[in-house]
Amino acid sequence: MTTDQVRRAYASVADLYIELFGTSGQVHADDLAFIRAHVAGRPGPVLDVGCGPGHLTDHLRSAGADATGLDVVGEFIAHARATYPDGSYLLGSMTDLPIADRRLAGVLSWGSVIHLPPDDLDDVLAEFRRVTCPGATMVFGIFVGDEVAAFDHKVITAFRWPVDAFADRLARAGFAEVARLHRPADGVNRPHAAVAAVRA
């Protein structure tokens, strides 16, 4: 699966996705609190990678963060710029971030790595490491399973991760886990986890 395939898949459902998921009020309160606790208080610039409609970037900005959103889907960036005109939004890919080395104090990657084939994750984590300064905080939102496995996401194929296995990949890339939040399936939503890590 390529970045372009993911971009085209989300572009084809952009309006529906924005309607269903395009405000911070549609994000679980525990997730918002976790994001604020680990990203919003960072002194320095923060990047919301895979920002989608821009709602979490705006949420971070409202909590005092110097946050910029980035997404590969032009329709999402256009919506974010129109809806949150005081914010900063960039069109680009997590595989080649338009950010200088050691520039960022934090990265939010909320559901943005779920479509990465497992063999591609290490390269993206290396890119995150390139753009973050020592001590920077990362927050990831992922789907959880007993093993690393693909599943039929409604937009395009995605991958589940055991949280320990995902944390091990973070450690291998130079990020030390500092907190996690796990939410089991509730009949509507799949099992989900948030993982916070610090760049060593």
Inset, instruction - Enumerate the pairs (first residue in segment 144-157 and in contact (Cβ under 8 Å) with a residue 60 or more places away in the chain and under 16 Å from GLY111 (Cβ atoms); second residue anywhere and outside any loop (DSSP other than H, G, I, E, B) and not charged (D, E, K, R)) with beta-carbon separation below 7 Å, excluding pairs fewer than 6 apart on the same chain, so at least 6 apart or on different chains. - result: VAL155/ALA9; VAL155/TYR10; ILE156/GLN5; ILE156/VAL6; ILE156/ALA9; THR157/ALA150
Inset, instruction - Six or more apart or on different chains, Cβ under 8 Å: which pairs go from a residue in segment 118-130 that's among the acidic types (Asp, Glu) to one that's open to solvent by 10 Å² or more (accessible area, probe 1.4 Å) and in a helix (DSSP H, G or I)? Could you list them? - result: ASP122/ARG169; ASP122/ARG172
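Please determine whether any residue of segment 182-189 is of a type in the set (D, E, K, R) and within 16 Å of LEU32 (Cα to Cα).
Keep residues of segment 182-189 that are of a type in the set (D, E, K, R), which gives 183, 186.
If we keep only those that are within 16 Å of LEU32 (Cα to Cα) as well, we get 183.
Yes, because at least one residue in segment 182-189 is of a type in the set (D, E, K, R) and within 16 Å of LEU32 (Cα to Cα).
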Legend entry - Boolean, ASP186 is without any contact (Cβ under 8 Å) to a residue 60 or more places away in the chain, closer than 23 Å to GLN26 by Cα, acidic (Asp, Glu) and loosely packed, with under 15 Cβ neighbours inside 10 Å: yes
Inset, instruction - Read through the list (1) in a loop (DSSP other than H, G, I, E, B); (2) more than 24 Å from ASP30 (Cα to Cα); (3) touching a Lys or Arg at 6+ places or on another chain (Cβ under 9 Å), then give the number of the only condition that VAL155 fails. - result: (3)
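Yes/no matrix, rows are residues, columns are (1) within 26 Å of THR23 (Cβ to Cβ); (2) touching a helix residue (DSSP H, G or I) at 6+ places or on another chain (Cβ under 9 Å); (3) open to solvent by less than 20 Å² (accessible area, probe 1.4 Å):
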residue: MET94; (1), (2), (3): yes, yes, no
residue: PRO98; (1), (2), (3): no, no, no
residue: ARG103; (1), (2), (3): no, yes, no
residue: PRO117; (1), (2), (3): no, no, no
Inset, instruction - Answer yes or no: is there a residue in segment 87-97 that is free of Cβ contacts under 8 Å to residues at least 40 places away in the same chain, part of a strand (DSSP E or B) and among the hydroxyl-bearing types (Ser, Thr, Tyr). - result: yes
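Taking the conditions exactly as written (open to solvent by 20 Å² or more (accessible area, probe 1.4 Å), under 13 Å from ALA194 (Cβ atoms), charged (D, E, K, R) and at pLDDT 95 or above), does GLU177 satisfy them or not?
Working: open to solvent by 20 Å² or more (accessible area, probe 1.4 Å): yes; under 13 Å from ALA194 (Cβ atoms): yes; charged (D, E, K, R): yes; at pLDDT 95 or above: yes.
So GLU177 passes the test.
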Inset, instruction - Restricting attention to segment 49-74, report how many residues are under 15 Å from the mean Cα position of the chain (by Cα) and over 17 Å from CYS133 (Cβ atoms). - result: 16
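Every residue in segment 35-48 that is in a helix (DSSP H, G or I), more than 11 Å from the chain's Cα centre (by Cα) and among the β-branched types (Val, Ile, Thr), please.
Restricting attention to segment 35-48, the residues satisfying the condition of being in a helix (DSSP H, G or I) are 35-40.
This time we only want the ones that are more than 11 Å from the chain's Cα centre (by Cα), so: 36-40.
Matches in segment 35-48: VAL39 only.
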Legend entry - Pair list, Cβ under 8 Å, 6 or more apart: segment 1-24 residue over 16 Å from THR57 (Cβ atoms) and in contact (Cβ under 8 Å) with a residue 60 or more places away in the chain, other residue open to solvent by less than 40 Å² (accessible area, probe 1.4 Å) and not in a loop (DSSP other than H, G, I, E, B): TYR10/PHE76; ALA11/GLY74; ALA14/PHE76
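The values are calculated or read from the model by the stated rules, or taken from the named source; none is laboratory data. Computed from a predicted model, the values in this text were never measured in an experiment. Backbone-built Cβ (ideal geometry, glycine too); neighbour counts: all protein chains shown. The accessibility values were calculated without ligands, DNA or RNA, using every heavy atom of the protein model including side chains. Shrake-Rupley method; radii C 1.70, N 1.55, O 1.52, S 1.80 Å.
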